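Student: Here you go, one structure.
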DNA sequence: CATTTTTGTGCAAACGTTGGCGCAAAATCT
DNA sequence: AGATTTTGCGCCAACGTTTGCACAAAAATG
């Protein structure tokens with residue numbers, strides 16, 4: 001018990017004494033239970049405000065079983081896409097009265113003690129946005145009956161997921177490039193572990209070759225700027241005959257690296273090589289890059305993700321669900337000879 | 001109580017029955033209390049492992065008063081610096097058995113309900129990294145006896161702080177530029193609210209003018225890429241006679257924007273205008289930018305920040321403390337005619 | 001062997017909140 | 001006026017853990 005010598009905070013019991021009613025009445029009044037009379041409710045609310053009452057989420061959780069806490073496993077925040085996702089998540093969750101217990105951020109693997117902390121804190125659900133394999137946390141949740149929703153990630157066993165229709169996005173991009181007359185594409189992918197990247201490439205390759213184009217080369221760009229840069233240099237090293245006339249990077253961060261490398265090697269963009277990315281991160285929209293990209297409907301993804309989670313928290317045992325959302329093509333200077341503001345084409 | 005129909009998790013009581021001892025013994029054994037015999041402890045640990053026992057942090061908090069939770073108010077994650085900070089924070093906190101309740105992320109103001117949630121969840125302490133004024137959360141904590149530590153931010157009333165010696169950093173940068181022969185500097189600051197930016201500029205301006213240089217212009221770059229870009233364009237619009245020969249941006253993200261704008265206007269860097277930033281974010285180190293910067297000792301800052309917090313949690317009422325850490329100058333191509341790998345000079 | 005000290009364990013009372021159930025008083029219906 | 005429903009509230013037992021205190025047994029001391 002050893003309690004610090006600060007003035008004890010007002011509790012429900014304090015208020016109940018002040019109001020001369022029982023603790024349960026106070027509890028119900030505060031929570032807006034219909035069984036409490038209007039007048040009593042008003043009186044208690046006033047008292048609570050005056051006393052500076054703050055509910056104790058821990059006591060509530062212990063008693064009710066619901067913590068109002070969501071576990072969050074965030075991908076490498078060095079990719080601005082995850083930074084955007086984080087902001088959107090925190091904002092929307094707060095609007096629903098949910099808070100995030102942040103479990104992991106970054107590319108590294110998530111250690112077991114950290115993953116277990118999720119359960120210690122009785123998270124109601126868990127949101128995983130990491131694109132890579134660090135979903136130990138998801139497994140732990142799944143085996144303990146905690147609903148898991150993945151955003152921007154392929155669903156695993158016992159998890160729902162919402163993501164952009166990556167394959168359609170890749171296809172749209174292929175049509176766009178083919179439509180601009182490009183025939184030989186290089187693809188900068190993100191390795192074998194990223195389902196997003198794989199889907200995007202599959203859609204792109206299918207539509208591009210079906211449309212009479214050719215996938216001239218593939219490079220593993222590791223979902224990083226550096227990977228993109230290295231790939232760009234590899235393209236520079238290609239004999240002129242094997243050079244692609246356009247390039248599809250499965251994420252903008254890759255595209256940025258590739259563009260810098262290519263430009264550094266004297267290649268003009270889109271003149272000699274047109275290029276396109278994916279994600280529509282703000283960085284890629286900057287005048288210095290101005291990269292055509294495919295925009296994921298971030299706000300909607302987050303909204304639907306939280307929907308999936310809250311419904312599964314409310315009624316356990318609901319079957320898993322996968323939501324695929326349409327994104328839109330955003331055409332910019334990197335695939336368009338004439339310059340001007342980016343224009344939007346719905347995919 | 002309505003409890004979900006899942007198999008109830010093992011609790012201390014469960015274990016106590018299994019072991020044929022009291023709950024208190026189990027609790028003490030689990031926590032490593034010295035009063036419990038080695039053999040008993042081993043037996044209980046084995047039992048706990050077998051039963052898949054997971055401690056209930058909420059019950060523990062309710063009883064002990066310590067939650068193991070830290071509130072986190074994060075700055076705009078769109079600035080990669082905060083992304084770096086986030087990763088470092090989460091990693092180091094996890095190593096200490098502390099978790100973050102994420103309260104806010106992003107540039108916007110923090111709403112009261114969210115800030116109050118900090119107290120609902122009984123956070124032991126609060127870490128604020130936001131550079132701007134959105135520290136409503138900090139006030140709430142302070143008035144409720146929850147220790148607050150700010151990282152990369154000037155301390156407020158009732159808060160400790162750890163930050164880089166921004167003024168010294170600015171001064172170092174000034175000496176570097178003066179040493180390279182530059183005389184007329186433009187400063188890209190981040191507005192009146194950012195104490196970091198103000199300190200950096202003060203140090204820079206003092207040392208630059210003392211060294212015989214002149215501050216030719218100032219622009220408010222709002223701590224964003226766009227702000228930097230706009231400032232760069234403003235510089236381009238300056239008559240040749242009033243053009244600076246070097247530029248100090250109080251953060252790298254600003255410097256990047258400015259560099260893109262200047263280059264876009266045909267200015268060679270560092271030939272016509274040399275430029276320096278601050279923070280040493282990875283983006284600014286890319287070959288396409290290669291911006292001289294001042295590196296904050298991020299890992300140490302986080303470590304000391306958590307130190308400050310944990311000691312104040314352990315012994316309430318400790319006086320506030322401000323820790324200033326030295327950073328180091330990292331010279332890159334943007335201030336050096338000859339090209340090559342970045343070199344490091346301790347400030 | 002009779003003390004005192006140590007060591008190991010149990011008991012029971014919190015911590016603040018919730019929710020099932022019970023029960024009066026008031027309101028509505030015969 | 002009685003019978004029934006509704007309304008409004010209180011009682012009490014959880015939820016899982018910690019911790020002050022008591023207390024027996026074992027060990028060390030005289």
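All of the numbers you see were taken from the coordinates with simple rules; none came from a lab. Note that this is a predicted model, so its numbers are computed, not measured. Neighbour counts run over all protein chains shown; Cβ positions are idealised from the backbone, glycine included.
Student: May I ask for the angle, rounded to the nearest 10°, between helix B:252-264 and the longest principal axis of chain B, with both axes built from Cα atoms and the value confined to 0 to 90°?
Tutor: The two axes meet at around 30 degrees.
Student: What do you get for the angle between helix B:225-236 and the principal long axis of chain B? Use alpha-carbon atoms, 0 to 90 degrees, nearest ten.
Tutor: Rounded to the nearest ten degrees, it is 10.
Student: With springs only between Cα atoms under 10 Å apart, run a GNM on chain A and tell me which of A:31, A:99, A:312 wobbles the most.
Tutor: Comparing A:31, A:99, A:312 in a Gaussian network model of chain A, the most mobile one is A:31.
Student: Using a 10 Å cut-off around each Cβ, can you sort B:233, B:218 from fewest to most neighbouring Cβ atoms?
Tutor: B:218, B:233
Student: P(r) tail for segment A:85-130, what percent of Cα pairs lie past 14 Å?
Tutor: Counting every Cα pair in segment A:85-130, those more than 14 Å apart make up 54 percent.
Student: How big is the convex hull of the Cα atoms of segment B:215-347, per residue, in Å³?
Tutor: Convex hull volume per residue, Cα atoms: 128 Å³.
Student: For residue B:139, go 7 angstrom from Cα along the Cα-to-Cβ vector, then report the distances to that same point in the other copies in nm, smallest first.
Tutor: 4.7
Student: Follow-up. In peptide A:60-71, what is the residue-averaged number of other protein chain Cβ atoms found within 10 Å of each Cβ?
Tutor: 4
Student: Suppose you put the label 7 Å out from Cα in the Cβ direction; list, shortest first and in nm with one decimal, how far residue B:266 is from each other copy's label.
Tutor: Result, one decimal in nm: 2.3.
Student: For a protection proxy built on the mean count of beta-carbon atoms within 10 angstrom, sort B:21-28, A:296-303 highest first, please.
Tutor: A:296-303, B:21-28
Student: At 1.002 mPa s and 20 °C, plugging the Kirkwood radius over alpha-carbon pairs of segment A:130-285 into Stokes-Einstein gives what diffusion coefficient in µm²/s?
Tutor: 133 µm²/s
Student: Follow-up. Compute the distribution of all C-alpha to C-alpha distances in segment A:1-144, in bins of 5 Å from 0, and list the percent of pairs in each, rounded to whole numbers.
Tutor: 2, 9, 15, 14, 14, 12, 10, 10, 8, 5, 2, 0
Student: Now for a separate question. Can you give the alpha-carbon Rg of the protein assembly as shown over 2.2 N^0.38 Å, where N counts its residues?
Tutor: 1.05
Student: OK, next. What angle do you read, to the nearest 10 degrees and between 0 and 90, between the alpha-carbon axis of helix A:38-51 and the longest principal axis of chain A?
Tutor: The angle comes out near 80 degrees.
Student: What nm distances, shortest first, do you get from the label point of residue A:32 to those in the other copies when the point sits 7 angstrom along Cα to Cβ?
Tutor: 4.5
Student: Averaged over peptide B:121-128, how many Cβ atoms belonging to another chain are found within 10 Å of each residue's Cβ?
Tutor: 2
Student: Something else about it: State, as an integer percentage, the relative contact order of segment B:176-293 based on alpha-carbon contacts under 8 Å between residues 6 or more apart.
Tutor: Value for segment B:176-293: 26 percent.
Student: Of all beta bridges DSSP finds with both residues in the protein assembly as shown, what is the antiparallel percent, to the nearest 5? List each step's numbers first, then the result.
Tutor: Numbers: 17 of 87 bridges.
Within the protein assembly as shown, antiparallel bridges account for around 20 percent of the total.
Student: Also, quick follow-up: For chain A, what's the radius of gyration and Dmax over Cα atoms, in angstrom?
Tutor: According to the Cα coordinates of chain A, Rg and Dmax are 25.5, 89 Å.
Student: A follow-up question, please. On the first, second and third principal axes, largest extent first, how far apart are the outermost C-alpha atoms of segment B:62-162 in Å?
Tutor: Extents along the principal axes: 40, 28, 23 Å.
Student: Another one. What is the mean number of Cβ atoms from other protein chains located within 10 Å of the Cβ atom of each residue in peptide A:255-267, rounded to a whole number?
Tutor: Mean partner shielding for this stretch: 1.
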